[in-house]
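One structure is given here, and the rest of the page talks about it.
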Amino acid sequence: MYIDITDKNRAIEYFKSPRINVSTLKNLNNPIWIKLKRENPYIEDEEKRHFRVGRVLDTMLTDPENFSKEFIVLKTDRPSTAMEKFISNLPLNLDENSPEDEYIEAYEASGFKSPVGSIIKRLWKNDVNSNYYKHLHLAKGKTIISKDEYEEALICRDSLINNPFTSHFFINNNPEVSIFYQVPLYFEYKEVECKGLIDILVVNYKENTIQIVDLKSTGRSVLSFPSSYITLRYYLQGAFYELGLKTLIKEKKSFREQLGVSEDVKIKHMQFVVAEKKGNNPSRIFQMTEEEVEKATHGIEDSIDNLLTIYKWHEDNNLWEYPYEMYQNKGIYLLSKL
């Protein structure tokens, strides 16, 4: 599969792809959610929101003069997932007096079960919903972002570019370094088709290295990130992305050519660049170690290898109602050992 890492439509193609990502593996403790997302690919989730904020931040930092050509900012929050789906499928010339027939196609696409008349009332009587419809008309192909998403990206931008330890990810004056943003990965591992989306790749041609970077924004203190790293299992993301990057570097000449590297390039372990949404503390960089990457890939029960084995079992047996462990233990979920 050819990947153009500069293609403006790479986000659309990434989310359309049925390949599994690290979020899928992290949801195997509740596999029915995986089934639900497959059947309803329009569902809004944290990954889609993260990509939107990442794109906004990327444009603010690397192409600010084109921001208004790429995005339109809502004055309110986003609608619920089903309502957003409903609104996105509506004709763009409706008002409160438009006949009900004009809404039927969008209603059927949305998955709503309530009568169409009640959904139409919710559209026009709710400021969030009606405002979103009006912005959709104004957007004309632009990406719509919420006020919260815009403000989050703005605070993170200021935190990152004003920090001497993180500014080099966005202000590059080194001719021997190239920086790539929002890089999609499509690879196969253990006979499973996988995908990932790397926020930043820093290629240093003099040192022959690639640094993987993931941007995180948090409503908590950046000092709490080591705890979040464990509880939210970010170590799986770091190991998964490194695995995908190594695979593509080894197997795909076209991918190496786009990055301008050879097969012997050294891949440095994931760095998490964390910015606070409120900006109370300066951004910080946290880096995974060799031992952590090895454990997250092969060496612990909650590893990429083991999770892929469980995923394949669900896939082969088409059983998604309960976690793998409950199927194996006849409905019993074992508590963790102390």
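Every read-out reported here was derived from the displayed coordinates using simple, explicitly stated rules and does not represent laboratory data. Since we're looking at a predicted model, the values are computed, not measured. Reconstructed Cβ throughout: ideal geometry from the backbone, glycine too, with neighbour counts over all protein chains shown.
Tabulated data for the structure shown
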read-out	value
Scattering curve values for the range 174-326, log₁₀ I(q)/I(0), Debye with Cα scatterers, q = 0.10 Å⁻¹	-0.42
Residues Glu96 and Arg233, FRET efficiency given R0 of 51 Å [Cβ-Cβ distance, rounded to 0.05]	0.65
Residues with amide H under 5 Å from that of Asn21, placed H, sequence gap 5 or more	Lys195
Net charge, Asn97 excluded, C-beta distance under 15 Å - Lys, Arg +1, Asp, Glu -1	-3
Charge dipole (debye, nearest 20) of the range 75-145; +1 at Cβ of Lys and Arg, -1 at Cβ of Asp and Glu	380 debye
For peptides 109-121, 244-256, sequence by mean Cβ density within 10 Å, most packed first	244-256, 109-121
Reported label for calculated Rg and Dmax of the Cα atoms in Å given (1) 21.8, 65; (2) 19.5, 62; (3) 22.9, 84	(1)
Restricting the range 156-239 to GluC sites (Glu not before Pro) in coil, as DSSP defines it, with at most 10 other Cβ within 10 Å	Glu176, Glu191
Share antiparallel - DSSP beta bridges, the chain, percent rounded to 5	60 percent
Cut-off under 5 Å, modelled amide H: who pairs with Phe71 long-range	Thr143
Whole-Hz couplings from phi, Karplus 6.51/-1.76/1.60, listed for the range 252-260; x for Gly and Pro	10, 4, 4, 5, 4, 5, 5, 7, x
Distance between the range 247-264 and the range 118-170 - C-alpha centres, whole angstrom	35 Å
Anchor Lys253: lysines whose Cα lies under 23 Å away (excluding residues fewer than 8 positions away in-chain)	Lys8, Lys190, Lys195, Lys206, Lys266, Lys268
Nearest-20 debye value, the chain charge dipole, Cβ charges on Lys, Arg, Asp, Glu	400 debye
Note, ³J(HN,Hα) from phi for the range 293-298, Karplus 6.51, -1.76, 1.60, rounded to Hz, x at Gly and Pro	5, 4, 5, 5, 8, 10
Virtual spin-label span in nm between Asp77 and Asn9, 7 Å along Cα→Cβ	3.4 nm
Karplus-derived HN-Hα couplings along the range 207-222 (A = 6.51, B = -1.76, C = 1.60, θ = phi - 60°), whole Hz, x at Gly and Pro	8, 6, 10, 10, 9, 8, 10, 10, 8, 10, 10, 9, x, 9, 5, 4
Span per principal axis, largest first, for the Cα atoms of the range 75-145 (Å)	29, 22, 21
